[in-house]
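Everything below concerns the one structure shown next.
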Amino acid sequence: ECLRMMLHYARLPFTDEVISNEDWPARKASMPEGRGAEFPNRPVGNRGLPVLQLPDGSLMPESTDIASHIAAAAGPPLLPAAPEAAASAKRLYDQSQSLPLAWPMVCLVRFPVEQAEAIMNGEILGEWMAAPKSFADLLPALRALAAELGERPFFGGDRPHYGDFGVWKQADSFRLLDPAGSASLGSAWG
């Protein structure tokens, strides 16, 4: 979702193809191997989505690589011109796609809301034992980001850089699953 938002924000033309759960098994073998996820039972080289088809027809896996590509194509403000600010945007986006921040979104992508809430509340764990076990595991990371954001409207300053889109998506997923917990973060995402 944050990749789509970045493309819209930058006004970059794209064709959005959504692959249904029913069609995914037949399409999976045609997808490039990615680095794999940091979850149990997810091998390195796992084929997954999103994938970006480049103008030459090649396929780019991995959300972090796709976000960097979109930001580079868009330029400022998605990819700030100042090297320190560009490094901060990359750090925040990469952080948003890793545990513990990615945990609520992963739950929402894989499970119905009720089951995702049960997982996040520590009621259902199963294969996810190595992942954060509850909202409480996520709150310190979100609080640190809220403190880093401070009173600014965006991490990028007056306008968002691509790290803002990644962090917003994870905070929004958290807000959906735990409105009370997200309210405890204050005005940043509550």
Failed condition for P77, given (1) on the phi < 0 side of the Ramachandran plot; (2) open to solvent by 40 Å² or more (accessible area, probe 1.4 Å): (2)
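Going through the stretch 45-65 one residue at a time, which ones are over 14 Å from T15 (Cβ atoms) and in contact with a strand residue (DSSP E or B) (Cβ under 9 Å, 6 or more places away or on another chain)? Can you show your working first?
First, the residues of the stretch 45-65 that are over 14 Å from T15 (Cβ atoms): 45-49, 56, 58, 60-65.
Within the stretch 45-65, G45, N46, R47, G48, L49, M60, P61, E62, D65 meet the criteria.
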Pick from the stretch 20-38, criterion open to solvent by less than 70 Å² (accessible area, probe 1.4 Å) and within 18 Å of the chain's Cα centre (by Cα), ranking: nearest to Q97 (Cα to Cα): A37
Those residues of the stretch 45-64 which are open to solvent by 60 Å² or more (accessible area, probe 1.4 Å) and at pLDDT below 95, in sequence order: R47, L49, P55
Condition met for D16 (over 19 Å from the mean Cα position of the chain (by Cα) and either in contact (Cβ under 8 Å) with a residue 12 or more places away in the chain or loosely packed, with under 12 Cβ neighbours inside 10 Å (or both)): no
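The values are calculated or read from the model by the stated rules, or taken from the named source; none is laboratory data. Computed from a predicted model, the values in this text were never measured in an experiment. Positions of Cβ are generated from backbone atoms using ideal geometry, with glycine treated the same way; all protein chains shown enter the neighbour counts. SASA here: full protein model, heavy atoms, side chains in, ligands and nucleic acids out. Shrake-Rupley method; radii C 1.70, N 1.55, O 1.52, S 1.80 Å.
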